[in-house]
1. Could you tell me whether residue 289 is surrounded by 15 or more Cβ atoms within 10 Å (Cβ to Cβ), under 25 Å from the mean Cα position of the chain (by Cα) and modelled with pLDDT under 90?
2. If you scan the range 55-105, which residues turn out to be in a loop (DSSP other than H, G, I, E, B) and out of contact with any Cys (no Cβ under 7 Å at 6 or more places or on another chain)?
3. Determine whether the range 53-68 contains at least one residue that is out of contact with any strand residue (DSSP E or B) (no Cβ under 9 Å at 6 or more places or on another chain), among the small types (Gly, Ala, Ser), in contact (Cβ under 8 Å) with a residue 12 or more places away in the chain and surrounded by fewer than 17 Cβ atoms within 10 Å (Cβ to Cβ).
4. Only one of 30, 65, 76 is under 30 Å from residue 101 (Cα atoms), at pLDDT 60 or above and aromatic (Phe, Trp, Tyr); which?
5. Answer yes if at least one residue in the range 318-330 is modelled with pLDDT under 85, surrounded by 18 or more Cβ atoms within 10 Å (Cβ to Cβ) and either in contact with a Leu (Cβ under 7 Å, 6 or more places away or on another chain) or small (Gly, Ala, Ser) (or both), and no otherwise.
6. Would you check if residue 50 is at pLDDT 80 or above, more than 30 Å from residue 217 (Cβ to Cβ), surrounded by fewer than 17 Cβ atoms within 10 Å (Cβ to Cβ) and of a type in the set (A, V, I, L, M)?
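The values are calculated or read from the model by the stated rules, or taken from the named source; none is laboratory data. Just so you know, these numbers come straight off a predicted model, no measurement behind them. For neighbour counting, all protein chains shown are included, and Cβ atoms are generated from backbone atoms with ideal geometry for every residue, glycine included.
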Amino acid sequence: METLLLNQSVYDWEFDEDFTSGELIGPCTFSLNHSVTNVLSLYVHSIICILGFVGNTSVIITYAFYKDTKSMTDVFLLNVAVSDLLFVFALPFIAYSELHSWPMGQVACKLLRGSYSVNLYSGMLLLACISMDRYMAIIHLHSSFRLRLLSYSRLICAVVWVCAVLLSIPTFVFYQWYEPSTRVVFMLETKDEGPSSTAPQYICEMKFEDSETAETVKVAVPSIQMAVGFFLPLVIMMVCYTAIIVTLMKTRNLHQNKEVQVVSVVMVVVVVFITCHLPYNSVLLRDTVSMFKQLSCEEADSWQTALTVTQSIAYLHCCLNPLVYGFIGVKFRKNFKKVFQDLKCLSKQQPFHLVKQRR
């Protein structure tokens, strides 16, 4: 069966207006997008990996070992940090696969792209869970006490991870490790140039067996990603946090300063989420809607570059999550200071816990 390949764009070739003349003006080189991708992979993605690793590792250590009483939000934040940390580990390989051939085989290809998809869905859904938990804790504190037990939070996290895996099944299935075909067949007579002497270059991209499957998947995957990975969490966050702000603004008591602080934190959370993810999802929506429309090479290159830049902005969220959801809290900062205090003790001859035991 003939294989149909749809990798980055269906507009890789540009034709002369008089197609009957048989003049071919392609292929499109996407030179602007390649240049931008090189810069982003070398500098921006490196910074994201470093900051994301430090921030999320700190959150995991603090919540796992230095927080005695854990709430439902703590469990959600711990899982968000795990999801972001896994993404940070995968990002260098994703950047490499976009710039070069993929030498690591079929299994690594599927695991890389599949894990990226799982982390994306799990991270976004967990942020929505945090919003709902904050809503229940502030608006329905007494009635929601039983629903916010640790056992339920762990169950919810397990359900979120399972849903993320199920939503990522198309990614696991259709991403393949293969050698791309460099010959495009047209309704024209062409000369056979003979076999190439260069070594085969394998890539890790989506590959389809027929055009109907290709069209369906190429539209369905980004559509589900936008719906579940952006719009659903955004709606939940806006509804929950709006209700929280309205409720807190109506109260007048001695804890007014604390209420102002909560409202400020809510605004920061929403602004950071929208700033990071709205540009990418807007460009992705436009790209999905016009996927099968004919574009010139310059226009296709510009939109692909916009998609690459806004995607890197979305990647920044994994660095900002520890700051927005973790370090902004007073209790978390106190526990985080204990990490450095214990590290100082471990650097001495007698560790802190041994000195405490001798006393």
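1. Criteria not met by residue 289.
2. Matches in the range 55-105: 66, 67, 68, 69, 70, 71, 100, 101, 103, 104.
3. yes
4. Unique residue meeting the criteria: 30.
5. Checked against the condition, which is being modelled with pLDDT under 85, surrounded by 18 or more Cβ atoms within 10 Å (Cβ to Cβ) and either in contact with a Leu (Cβ under 7 Å, 6 or more places away or on another chain) or small (Gly, Ala, Ser) (or both), the range 318-330 yields at least one hit.
6. yes
Residue-by-condition table, conditions (1) modelled with pLDDT of 85 or more; (2) among the aliphatic types (A, V, I, L, M); (3) under 30 Å from residue 282 (Cβ atoms):
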position: 165; (1), (2), (3): yes, yes, yes
position: 210; (1), (2), (3): no, no, no
position: 223; (1), (2), (3): yes, no, yes
position: 241; (1), (2), (3): yes, no, yes
position: 251; (1), (2), (3): no, no, no
position: 260; (1), (2), (3): no, yes, no
